[in-house]
Amino acid sequence: MVDYDWYRSFLAIYRVGTVTGAAEERNLTQPAMTQHLAALEAVVGAPLFTRTARRMVPTAQGTTLYNQVVAALETLDRVSLSLRRREATALPEVRLGTPREYFSAVALGALAQAPVRLWAQFGQAYALLEALRAGELDLVIATERLNMRELEYRKLAEESFVLVASVELVPPLVQPATAEERATLERWALGQAWVSYARDLPIIRRFWRQCFGTRPTLEPRLVIPDLQVLAEAVAAGLGLSVLPSYLCAPLLAAGRMQSLWLPTSPVTNDLWLAYRSRDRQRPELVAARDALLNGLL
């Protein structure tokens, strides 16, 4: 099998005229250049140069070979140089796992100025953290902190939840302040239609226990595993729900949704940035982490 370097050494000797000069041009030793030439001559089956005291004079076979390969080798060199330059200037890639709703509503804007190429994957916390541990992702925005070997966590943000309804509904009161008012709002809310992220009411149940002190006895009218779609469903009058305040803010500001209760002691959930311990100092991950942390202040 012919080595590409043999041809490059042959071209250098052809142009410079000496093995010593060609070796200096290629930053190789003279014996290495001599070996390259001998190997190529063995493949060709004929001498490519006539050795004189001062110069290496191309033979007819050497001139023919030069004319046949010079254009192709110069093209390969140009392509290789172009690829090296492109690789040197290309932005590093970060594979990010994240909840879709938080990414589109909050994180995307914070990451816009990060000097990285971003590849995003949406999913639930456990699946994303497993992919991170397996090396399939570089960074994960997680809604929970799971104990997994080799992973580290840094708190990213705290999301709060609000009880919301469409503006067409007329509740008996909003933002209850006393135990009696909370009981009144609870009785009314239990008689309304509800929309939920899952059948077991994960967000609603936690809000209910903390704010009303009871377990909700309701069956959701609509179950959609997408918080942004749920917010639109509430605004469209399909039912009440408990949703992250960052998702509700645009609809509240537009007058398409009303807040029934944002408790004084809000129901919150921590969001975490997770990464492998060995990658904590990777420059592109540091850049993405800083962009997220600074952009969310």
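The values are calculated or read from the model by the stated rules, or taken from the named source; none is laboratory data. These numbers were taken from a predicted model, which means no experiment stands behind them. Positions of Cβ are generated from backbone atoms using ideal geometry, with glycine treated the same way; all protein chains shown enter the neighbour counts.
Report, ordered by the first and then the second residue, all pairs with beta carbons closer than 8 Å, sequence separation of six or more or different chains, a first member in region 30-42 that is farther than 16 Å from Val16 by Cα, and a second member that is among the aromatic types (Phe, Trp, Tyr) and surrounded by 14 or more Cβ atoms within 10 Å (Cβ to Cβ).
Correct list of pairs: Ala39/Trp6; Leu40/Trp6; Leu40/Tyr7; Leu40/Phe10.
Determine, yes or no, whether Leu190 is closer than 18 Å to Pro171 by Cα and in contact with a strand residue (DSSP E or B) (Cβ under 8 Å, 6 or more places away or on another chain).
For Leu190, the condition - closer than 18 Å to Pro171 by Cα and in contact with a strand residue (DSSP E or B) (Cβ under 8 Å, 6 or more places away or on another chain) - is not met.
Since Phe161 meets every condition but one in (1) part of a strand (DSSP E or B); (2) within 13 Å of the chain's Cα centre (by Cα), which condition does it not meet?
(2)
So Thr217 clears everything in (1) at pLDDT 95 or above; (2) over 25 Å from the mean Cα position of the chain (by Cα) except one condition, right? Which one?
(1)
If you take the residues in region 126-166 that are of a type in the set (A, V, I, L, M) and surrounded by fewer than 16 Cβ atoms within 10 Å (Cβ to Cβ), which one is farthest from Trp194 (Cα to Cα)?
It comes out as Ala134.
Find the residue count for region 10-29, including only residues that are of a type in the set (Val, Ile, Thr) and without any contact (Cβ under 8 Å) to a residue 24 or more places away in the chain.
3
Can you find a residue that is within 21 Å of the chain's Cα centre (by Cα), within 29 Å of Leu129 (Cβ to Cβ) and surrounded by 20 or more Cβ atoms within 10 Å (Cβ to Cβ) anywhere in region 242-259?
no
Right, Leu273: among the hydrophobic types (A, V, I, L, M, F, W, C), surrounded by fewer than 16 Cβ atoms within 10 Å (Cβ to Cβ) and not in a loop (DSSP other than H, G, I, E, B) or not?
no
Read through the list (1) surrounded by fewer than 16 Cβ atoms within 10 Å (Cβ to Cβ); (2) in a strand (DSSP E or B), then give the number of the only condition that Ser265 fails.
Every condition holds for Ser265 apart from (2).
Could you count how many residues in region 113-170 are small (Gly, Ala, Ser) and closer than 30 Å to Trp261 by Cα?
Matching residues across region 113-170 total 7.
Kindly evaluate Glu144 against the criterion of being in contact with a strand residue (DSSP E or B) (Cβ under 8 Å, 6 or more places away or on another chain) and in a loop (DSSP other than H, G, I, E, B).
yes
Within region 19-33, can you find the residues that are surrounded by fewer than 17 Cβ atoms within 10 Å (Cβ to Cβ) and either aromatic (Phe, Trp, Tyr) or under 18 Å from Thr63 (Cα atoms) (or both)?
Scanning region 19-33 gives no hits.
Looking at region 60-83, is at least one residue under 14 Å from Thr18 (Cβ atoms) and assigned by TED's automatic domain parsing to the domain that holds Tyr14?
Checked against the condition, which is being under 14 Å from Thr18 (Cβ atoms) and assigned by TED's automatic domain parsing to the domain that holds Tyr14, region 60-83 yields no hits at all.
Of all residues in region 192-204, count the ones that are modelled with pLDDT under 95 and at negative phi.
6
For region 268-285, state whether one or more residues are over 22 Å from the mean Cα position of the chain (by Cα) and closer than 20 Å to Trp194 by Cα.
No - not one qualifying residue is present in region 268-285.
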